[in-house]
1. Residues being among the hydrophobic types (A, V, I, L, M, F, W, C), part of a loop (DSSP other than H, G, I, E, B) and over 18 Å from R21 (Cβ atoms): count how many of those fall in region 41-85.
2. Please specify each residue of region 271-304 satisfying the condition of being in a strand (DSSP E or B) and open to solvent by 60 Å² or more (accessible area, probe 1.4 Å).
3. Could you pull out every one of the strands (runs of 3 or more DSSP E) wholly within region 89-201 that has 2 or more residues that are touching a Cys at 6+ places or on another chain (Cβ under 7 Å)?
4. From the list D266, D222, D204, exactly one residue is under 25 Å from V305 (Cα atoms), over 20 Å from the mean Cα position of the chain (by Cα) and modelled with pLDDT under 95. Which is it?
5. Restricted to region 49-82, and to residues that are in contact with a helix residue (DSSP H, G or I) (Cβ under 9 Å, 6 or more places away or on another chain) and among the small types (G, A, S), which residue is surrounded by the most Cβ atoms within 10 Å (Cβ to Cβ)?
6. For the structure I just gave you, tell me whether V256 is more than 15 Å from I9 (Cβ to Cβ), open to solvent by less than 30 Å² (accessible area, probe 1.4 Å) and either within 19 Å of the chain's Cα centre (by Cα) or charged (D, E, K, R) (or both).
7. For A13, only one of the following conditions fails: (1) assigned to a strand (DSSP E or B); (2) within 20 Å of T306 (Cα to Cα); (3) aliphatic (A, V, I, L, M); (4) more than 20 Å from the chain's Cα centre (by Cα). What is its number?
Amino acid sequence: MRESLLLDIDTGAFTVAVGERGHILLKQGEEDFTQLEVPTQATLTAVTIVGDNIWAAGHDAIIIHSPDRGQSWEIQHNAPELERPFLDIVFFDEQQGLAIGAYGLFYQTSNGGESWESVRHASFLNPYDREYLEEIRKEDEDFYQQELESILPHLNRVSVASDNTLYLAGEAGLLAVSTDLGQSWERFDIEYTGSFFDIKMLADGSLVAAGLRGNIFVMQQDEQWMYLSTCNTATLNSIIETQQGVAFIGNNGVVVNATLPLSVSDYDPYASTSSCAVADGVAVTTTESKSALLNAATVQGETLVTAADGIYSLSLD
């Protein structure tokens, strides 16, 4: 079972990985991963742990919950008629959480998932689309809501920083910040329109985002998004802090390691790949299997990575 497609992993007092056909694997202490029985066969794309609680989300807009380390499960949300998957889920404590996904899918809960409220955030759109929608809203609120739902981008990843601050990465150059645990959002201004799949605040205060075709952008103290040149064109799926700095993992088994502070430059969308220069402190390698690397967690000092063909132990030093 560990050789099947696994899409996400989270760890606390125990570790959980999720993936295709509703597979959920659990590891406690020195034990190996074991598969749990769950009430769905929908592909699960994301998992989060708080205490003994596990929430997993995925296709068919499904959210399932276990209060007891996977011994029992309940379906909290399931809406296959939406034809939209959840792509990430996060809980801030045992009561407050949110789940995000395709076409602006955004649900929040304040009662541990007993009920989920759907919210549409126009702030995720670029300024031109927001201006267009506001003109519509003056004439017809119902049509405004329909148009908003139809043009919202995919929401790929939400990252918890500190206090009440969250960061979000999505389609069409979407990077956003919330300072009230996701109740409201402000979109960052960045001259890039490709998809982002992860965003993370690093120990030195830098904010990094990575995604399509290996693009990595960095915001440092001057609050301007700059570019980290790696000469890698494989899509990057996740960001992992390391002892030396930060690592990015992605398709084709690509691993990009970079030391802090990151050596950034201006972004040139027309730069020739033939004349690309790797930034100082950056090293690009690939795993032997070259399977897509999707997410990672540090378990007892070991980096475990979920991949297209199972779970790997990956050295990032």
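The values are calculated or read from the model by the stated rules, or taken from the named source; none is laboratory data. Fair warning: this is a prediction, and the values are worked out from it, not measured in the lab. Methodologically, a virtual Cβ is constructed for each residue, glycine included, from the backbone with ideal geometry; neighbour enumeration extends over all protein chains shown. These accessible areas exclude ligands, DNA and RNA; they are computed on the full protein's heavy atoms, side chains included. Shrake-Rupley method; radii C 1.70, N 1.55, O 1.52, S 1.80 Å.
1. Within region 41-85, residues that are among the hydrophobic types (A, V, I, L, M, F, W, C), part of a loop (DSSP other than H, G, I, E, B) and over 18 Å from R21 (Cβ atoms) number 1.
2. Hits for region 271-304 are V284, T285, T286, T298, E302.
3. none
4. Being under 25 Å from V305 (Cα atoms), over 20 Å from the mean Cα position of the chain (by Cα) and modelled with pLDDT under 95 holds for just one of D266, D222, D204, which is D204.
5. A56
6. Values: more than 15 Å from I9 (Cβ to Cβ): yes; open to solvent by less than 30 Å² (accessible area, probe 1.4 Å): yes; either within 19 Å of the chain's Cα centre (by Cα) or charged (D, E, K, R) (or both): yes.
Criteria met by V256.
7. For A13, the exception is condition (1).
Okay, residues lined up against (1) out of contact with any Gly (no Cβ under 8 Å at 6 or more places or on another chain); (2) free of Cβ contacts under 8 Å to residues at least 24 places away in the same chain:
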{"site": "V177", "(1), (2)": "yes, yes"}
{"site": "K200", "(1), (2)": "yes, no"}
{"site": "M219", "(1), (2)": "yes, no"}
{"site": "M226", "(1), (2)": "yes, no"}
{"site": "T233", "(1), (2)": "no, no"}
{"site": "N237", "(1), (2)": "no, no"}
{"site": "V255", "(1), (2)": "yes, no"}
{"site": "P261", "(1), (2)": "yes, no"}
